[in-house]
1. Please report the antiparallel percentage of DSSP beta bridges with both residues in the chain, rounded to the nearest 5.
2. May I ask for the net charge around Ile549, where only other residues with Cβ less than 10 Å from the Cβ of Ile549 are counted and Lys, Arg are +1 while Asp, Glu are -1?
3. Filter the trypsin sites (Lys or Arg not before Pro) in the stretch 108-152 to those in DSSP coil with at most 10 other Cβ atoms within 10 Å of their Cβ, and list the result.
4. Around Thr364, what is the net charge, scoring Lys/Arg as +1 and Asp/Glu as -1 over all other residues with Cβ under 13 Å from its Cβ?
5. Students often get this wrong, so try it: which of (1) 26.4; (2) 27.7; (3) 30.7 is mean projected area of the Cα convex hull in nm² as calculated from the structure shown?
6. Which distance in Å, rounded to a whole number, links the C-alpha centroids of the stretch 317-336 and the stretch 450-472?
7. What order, most packed first, do the peptides 387-397, 343-353 have when packing is the mean number of other Cβ atoms within 10 Å of each residue?
8. Let me cross-check Tyr120: its accessible surface, 1.4 Å probe, with only protein heavy atoms counted, in Å² to the nearest 10?
Amino acid sequence: MTVREYLKKKPLLFDGGMGTYFSQVSNTTGSGCELANLNQKDLIINIHKEYIDAGCNAIKTNTFASNKITYQGDEELVKRTIKAGYDNAITSIGEKDIFAFADIGPVLSLSEKQNAFDEYKFVVDCFLECGASNFIFETNANCDGLIEISKYIKEVNSEAYILCSFAVNKDGFSRDGIYVDELFSKLKACKDIDGIGLNCVCGARHMYDIAKQLNFDDKALSLMPNAGYPIVVNNRTFYEGDPAYFGEQVADYIRLGARIVGGCCGTTPKHIAKIKECIDRLISDKFYFDKTSMDMSEATNKTTKTNYLNEDNIEEKRESIFYEKLKRGEKVIAVELDPPSDINLSKFMGGAWQLKGAGTDIITIADCPIARAHMDSSILSCKIKRELGIDTLPHMTCRDRNMNATKALLLGLYAEGVRNVLLVTGDPVPTAERDEVKSVYQFNSRKLAGYVTGLTKCMLPTPFNLFGALNVNALNFDIQIKIAKDKLAKGMIGFLTQPILTKEAFENLKRARKELDGYILGGIIPVISERNARFMDSEINGINVAPEIIDMYKDKSRQEAEQLAINISSQIAKEIEPYVDGYYLMTPFGRVGLITNIIKEIKAK
């Protein structure tokens, strides 16, 4: 009997969390149980048998992390581990009607020269040589390589059964910040994938809440939660979820429409046995899982997305005046103000008032520039928006916040009427401080954009207007263009460029205008002295200053240098005008008066 034939009659019950159960029975800490296929063969076989005796109909080979990335390119070790893992699974099954699935975890930390498909292909080929015909790709955070490797498997064995599963948190986002709807949507159209689902990260109830909103068309839905949430004692991870409660919760998945169930981290044979009892009760109650039962897609059509905001509240849905001007094709002016590093706000707020009076459309605020602690950019954005009535564009870096902190901040910004956000990866913490100040970097700016876009779709009535940075001074601008296109694909709508103070930067700007389908605000920073010019050219990453501009500042007084800065900046604005949707002015050393004079010149021209 094949997996497809079995699923026509009843749900398929998988085993539980091999890694955590192995750690429990062997009294060991950490990961690496896959190598036990070679040096603790009997223990692995016995664990498989315990799950089978508990009532599962399918087991996963003990090969989740067996790949070239994990084993640092040691192909021979990967092959040996996979072959031993597959043989151990087959040995444990014996003559029983149990399905063995080749278990393949995500390939992580790929270099620019590596790609997911090639890494998956090596692992898949090892399994195909062993005779595997059922495959589970689990705990994925994205779809990279899954469609391609599924097509490859079906070309080799058209009867193979392929299940792809994602790990998302209780809000429905993967560790890459991709919302579950987007993950499922990408795989639903792939005819080579037989089932899609969720595993790991979530406990049983939270996974149920996510699953209620999923639509997976004709794919078999698979749900394999953790046994609750872990605690750590003496560097060991424990799950204390009650098996009986767990079994009842997983039984609800079948009532909801899941065809494939099982357990992930923390689930022992006791958990699987309780699921089996609940499934048997469903069958005895004549709850048959066939085409006549209400499946998940039907349930989804009857479920509406929870709306956490009042649809009638205009303030919650209001658009940004700045963004409306962009859409109308008007040239906008954005000005960056660095937040103070202490509690004195008088100069900062006074400068913001001046900029508003000069005709600034939006004030941008850096997020702890050069990785030094300053007043929070988002809080200041809300204050300016509330007190001055002008749009703000807070910078949000990936350096200092994980997914939870990012979501909390975005919800607060939305509630305060801030609709524009600039997403940047962020400067690294200076070397001497790294032992004291820890970076986060859960995302880069592209992944963060995808996360915010997904958050908008599932929680907000109107989207954030997401902007990114574009380095027109990069030595290899081809890479910058490629990255910028990826940012647009992830949901960004435009870019603020680095300062344009060289012919090379100007040419790169022209190219960006031609190749990028997004708004561009050309970067302008007034040079205030020869020393300032040389410092920026030599020590500020992303800023190049033409030698002829540096020479123009020689022997100039402060007053002469300031007038020269106004002239040069307004001339740059005039030259880039055909290639930009607006201007991004950076305020040097808090000299707001200089910026207001440049704005006057720009508007006059």
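1. Roughly 5 percent of the DSSP beta bridges within the chain come out antiparallel.
2. -4
3. Lys113
4. Neighbour charge sum, excluding Thr364 itself: -4.
5. It is the one labelled (3).
6. About 16 Å separates the Cα centre of the stretch 317-336 from the one of the stretch 450-472.
7. Numbers: 387-397: 21.5, 343-353: 14.3.
So the peptides 387-397, 343-353, ranked by packing, come out 387-397, 343-353.
8. 10 Å²
The values are calculated or read from the model by the stated rules, or taken from the named source; none is laboratory data. Worth saying up front: this structure is predicted, and the values here are computed from it rather than measured. Methodologically, a virtual Cβ is constructed for each residue, glycine included, from the backbone with ideal geometry; neighbour enumeration extends over all protein chains shown. We work out accessible area using only protein heavy atoms, side chains counted, and drop any ligands, DNA or RNA first. Shrake-Rupley method; radii C 1.70, N 1.55, O 1.52, S 1.80 Å.
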